[in-house]
Structures are given as C-alpha cells and as structure tokens.
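The values are calculated or read from the model by the stated rules, or taken from the named source; none is laboratory data. Since the structure is predicted, the reported quantities are computational estimates derived from the model, not experimental observations. No Cβ is skipped: glycine too gets one built from the backbone with ideal geometry, and neighbour counts run over all protein chains shown. For the accessible areas, the whole protein counts, side chains as well, though only heavy atoms, and no ligand, DNA or RNA atoms are used. Shrake-Rupley method; radii C 1.70, N 1.55, O 1.52, S 1.80 Å.
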Amino acid sequence: MEAAWFLYVSAILFAIGIYGLLTRRNMIRMLLSAEIIFNAALLAFLSLASLDAGYGPVGGAIVVIAISLSAAEVGVIVSIAIMMFRMRRALDVYELRKFKG
Amino acid sequence: MEMVIWSLMVLLGGVGLVVPTLDYLKGTKVSPYLALLATALAIPLVGSLIGRSGTLFDGTIRVSPLATYLALVATVGAFLVTVASMVQARNWSTSPSLYSLLLLALLGVYFVLYVNDASVLVAAWALVAVASYVLVGIRKDEDSLEATAKYALMGVASSSLLIFGIALVLGVIRTSTFQVLNSVPLGVRTTLLLGILMLVAAFGFKLGVVPFHGWLPDVYGGAHPLIVSFVAGVIKLISIGAFLRVLQPLIPAVADEWFIIMAFLSVITMFYGNLAALVQRNVQRMMAYSSIAQAGYFLIAFAALAYADSRSVALQGIGLHVTTYVLAKVGIFVGLAYFARKGFDLTLEGLSGVGRKLPLSGTFMAILVLSLMGMPPLLGFWSKFMYIFYSVMNVAPWLAFLGIVNSGISVGYYAQVIRYLFFADPPEREVREVESDLEVYVLTVTAVLTVLLGLGLVDALVAALS
C-alpha cells in the first residue's frame, strides 16, 4: 500500500517538529517547528484521504481551508515576534520569564 | 433557525469588522457602545434557539439544546466583559480592536459549539485562536508580550495537532461529518486511538490539561485581568464544546481506553492545579492555577461520558459546571481588574482588607470564590459535587473520591483569599466604590446569579439542559 510510505514520512516530520518545539528557544525556530508539524499533518490528511474515492475530495478541500487559515496564524505570530524584537532586541521566549511560579 | 445563525453572523461579524475601521479612520469612539449593543442583542437571538434541535447549512451546523445553552452562557459572559471594559479599556490606544476581536471571537465560539463538520471546526478554531492571540497581547506592554508569545506558540502547536488528529480520525470514519461511531474494524483501531489522543492534546492545550498546561499560568497570570476574564471565561468554552461535539461521538468505539485516558489526565490535572495554587502569593496567578484545577473537574465528567448509564448526568454536570465556571471566572477576573484600577497590588498582602474598604465588590468576590470552592448553597456545590462527582460514582468511586480530596485541598488557597480580603488590616488611604464603577455591577450580576441558581433554580436549569 503506497499511502503507508507517506504516513511514515509524515510520522518522521512530526517527530522532527516536536523535537524542535521542545528544544529550541528562539521564537522563529519554534514557529518553524510548529509549521513542520502542520505540514506533517497535511501530508497525513491527504494520504489517508486518497484511500477513499468518496471522501478524498472532501479531505482535499479541508486541507486547502486549513492551509489558508494557518497563514493567518503565522501572520499573527510573526507580528508578535517583530513586536518582541522591537521591545527586547531578542527573540528568546524563555528569557522573558519574569514571573516565577 | 438558519435565519438566527445568519443574523448572529451579520450582527457580530459585521459590527466586529466595521467598528475598528470607523473608529481608527474617523477618530470616533462608538466601538464600546456598538459592541455592547451587539452582545446584548445576541443574548435574545441565541435564546430563541433554546430547546430547538436540527441540522443546518447542509449538515455542517447542528443545533442542540446543550450547545445552545453553552452558547447562551458564552454570550452572557462576553456581555459582562464588554460592560466591564467600558471603564477599564477606555484609555487604551487599541480599544477599537479589542471590541472587534471580542465580537469575532464570540462568533467563532458559537461555531465551535454548534460544529458538525470538520471544515467548520478548522475554520472556527482558527478564527477563535487568532483572535485570542491578539487579544492577549493587545496592551503591547512587557507582560502581555510574554503572555502572547507563549500563548501564540502553544496555540499554533495545538492547531497543528488538531489538523493531525482530524486527519487520522477522518481517515478512519471516511466522512467529514462527526457522527456516532459504535465500533471500528480491528485493523484501524490503533489509528483511531492515535487520532483521538492528538485531538485530546489539541483541545487539552486550550483547556489547560496538565501535560499541555505550560502556557496557562503565564497567560492568565501575566495578561491584563480584563482580557483574562474573556480568555478564561468565554474562549475556554471552545475546548469544552469541541470535546462534546468532536470526541463524544467517537467514544463508544473506544470506551474503555477513553475512560482510562480521561481519568488519568483528570487526576494529574487536579492535583497539579490545586497544589501549585497553594504556594502562590499573587492572586491572579493563583486563579490561573485554579483554572487548571477546574479543567481537571471537567475531565472527570468527560471520563463519565464513556459509559451509557453515567452519560446523561455527566452531560448535565458539564452544562452546570460551565455555568459555575464562567460566572466565577468572569466575575473574579473583572473584580481583580477593578482592584488593580483602584490601586491595589494583586498579591495576597496587597489585597489586605480590600473587603472592608470596598464592601460590595469584596463580598461578591468572596461569594464567587466560595462557589468555585463548592460551598453548599451556591451553584458551585451543585455542579461540582452533586453532578460531576456523582456522575462517576457508579463506574469509578475512587475518581469521585480523588475529586473530593482535591476540593479539600483547594479550600487551602480559596480561604486564604477570603481571609486577606476581610480579616487583614486595610490600607490607610481612602478608596471608595462609586456609582460609575461598572465592574461592581458585573460582580453583582455574577454573584447574584450564582446564589439564585444555587438556591432553587438548579432543577429548572437541569430540565432545560436535558
């Protein structure tokens, strides 16, 4: 079954993304890691949708919706990163930790 | 019914999109009043859907009594936050955007609560998520910068997990509509479970369930309390709505695993939230950890959804506890915003004797805290003890027991707040409540509703829910 290979690639991308999200501190790098997870999800979505002729086009449509909406999220996060760089001259998320729990 | 949804879209979306343009370009200050009008009109509009059920828009939206009830609670919460913001946000340079985002996020909350199709879920989730990142950072100061950076990064991870979970679940059920799934072939059962786990993680991020809670204390503890009252009181309903609409139909196929996952998550969430709250000195951060603990109580009810004989009580419990939670969190955070505006520091010592200087708001604040704690005549007692804990009594008494133990632990910090509010020496300076303090009215409404619903309207409420 060919879809299985795409799912393996998707799982590897997912692992790379989670690793990046957990180990990186730079905001842009964390955003890129989250985007890798997002793309892994889209790949899994499309490869699973391709298995069923009836559901396939619906899955493709949802993927297109998801891609266009994630652009909005990326836009907001990049603007937050710009605001952070203007105020702090750094993009380190954890250096912000002013409050101690 | 389609007309009602259309009117809500035009009312909230239209006002939300037009108002900031008008205010920024023309320099007028009409946005607070229009937002107040829009949320006030939305209450009867949503109210007209009470008791109705059916699918709309080619099956992408499904109206049901419980979802309508949650939408009504969300609308009332948004209305109260808007009222409080008239005083709080008056001098913010970004206040037109604040009102626009409040309305758009509320619209997104409706769609998540009524969702019946994956495409609507993705769109509505993104609408609420993006609006809430901007809302948290809308003050543009250092505290909200930290809060919004963490919230947005965790949020984008949560959205990615959501897409991943939907991909796996839809790959198994082979349709984009969420419908009841009684059993799956053995070969794809693991895929379905993996998808459900991803969805639990995605919704758990927004709800503040423990392995995914890292952002919550910084956001709820760092952002402006007025914004937190909206994020904690209204936006959090999207994860409860998504649990009910997206995951609940899948439960029968994986009932036993579902119960174990939910019970485990609820136990660690409750203990973490309550124990971490015990050591806080900052009341706003303490309430943030109390939100995590409340998420644990919700998870008990979600665990009870696994079995047919506990399901109906659990659904009623979720509806009732959402009422308790929204009234209490909106009231408490608006109250904290009020104290901060009156010049009090939001630490326990800083709030010493506030209840004596500001007797009305102090008393109502204490009532809301007691309701979260689960004091008998108040609404929180009924929702937490008589419905949520009771719902698991037959299937897992130990889970109900651990919940009661946690309620006991929580008395430790809730009582601390009341002790400092009333039994510590008030500051020397002169502060008084005046008639133009709109926050006091919000506190009055939430506290009076908590008492009234607790005193006798619980039965009527439950009848409306089922």
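Of all the residues in the stretch B:140-162, those that are at pLDDT 85 or above, open to solvent by 10 Å² or more (accessible area, probe 1.4 Å) and either among the aliphatic types (A, V, I, L, M) or under 21 Å from B:A89 (Cβ atoms) (or both) number 2. Scanning the stretch B:144-188 for residues that are outside any loop (DSSP other than H, G, I, E, B), among the polar types (S, T, N, Q) and more than 30 Å from A:S79 (Cα to Cα) gives a single hit, B:T177. The single residue among B:R285, B:R281 that is within 14 Å of chain A (Cβ to nearest Cβ), open to solvent by 10 Å² or more (accessible area, probe 1.4 Å), farther than 19 Å from B:F385 by Cβ and within 17 Å of the chain's Cα centre (by Cα) turns out to be B:R285. For the stretch B:337-366, a residue qualifies if it is within 17 Å of B:A424 (Cβ to Cβ) and assigned to a helix (DSSP H, G or I), and the qualifying residues are B:F339, B:V354, B:G355, B:R356, B:K357, B:P359, B:S361, B:G362, B:T363, B:M365, B:A366.
Filter the stretch A:32-46 down to the residues that are within 12 Å of B:L170 (Cβ to Cβ) and not aromatic (F, W, Y), then identify the one that is farthest from the other protein chains (Cβ to nearest Cβ). Ranking the candidates gives A:L46 first. When the test is whether a residue is out of contact with any helix residue (DSSP H, G or I) (no Cβ under 8 Å at 6 or more places or on another chain), outside any helix (DSSP H, G or I) and either open to solvent by 20 Å² or more (accessible area, probe 1.4 Å) or not aromatic (F, W, Y) (or both), A:A15 does not pass it. Contact annotation: residue pairs with Cβ atoms under 6 Å, 6 or more positions apart or on different chains, pairing a residue in the stretch B:368-381 that is at positive phi with a partner that is open to solvent by less than 10 Å² (accessible area, probe 1.4 Å) and modelled with pLDDT of 90 or more, are B:G374/B:S407. Residue-level check: of (1) more than 9 Å from chain B (Cβ to nearest Cβ); (2) open to solvent by 60 Å² or more (accessible area, probe 1.4 Å), A:G60 misses just (2). Confirm whether B:L121 is more than 8 Å from every other protein chain (Cβ to nearest Cβ), buried (at least 23 other Cβ atoms within 10 Å of the Cβ), over 18 Å from B:H213 (Cβ atoms) and out of contact with any helix residue (DSSP H, G or I) (no Cβ under 6 Å at 6 or more places or on another chain). Yes; evaluated as a whole, the condition is true for this residue. Only one of the listed residues (A:M87, A:M83, A:M1) is surrounded by fewer than 18 Cβ atoms within 10 Å (Cβ to Cβ), at pLDDT below 90 and touching a Gly at 6+ places or on another chain (Cβ under 8 Å). That residue is A:M83. State all residues of the stretch B:240-273 that are over 20 Å from B:L193 (Cβ atoms) and within 14 Å of another protein chain (Cβ to nearest Cβ); if no residue qualifies, say none. Passing the criteria: B:Y272, B:G273.
Of all the listed residues (B:Y133, B:Y114, B:Y99), the sole one being open to solvent by less than 10 Å² (accessible area, probe 1.4 Å) and facing chain A (nearest Cβ under 9 Å) is B:Y133.
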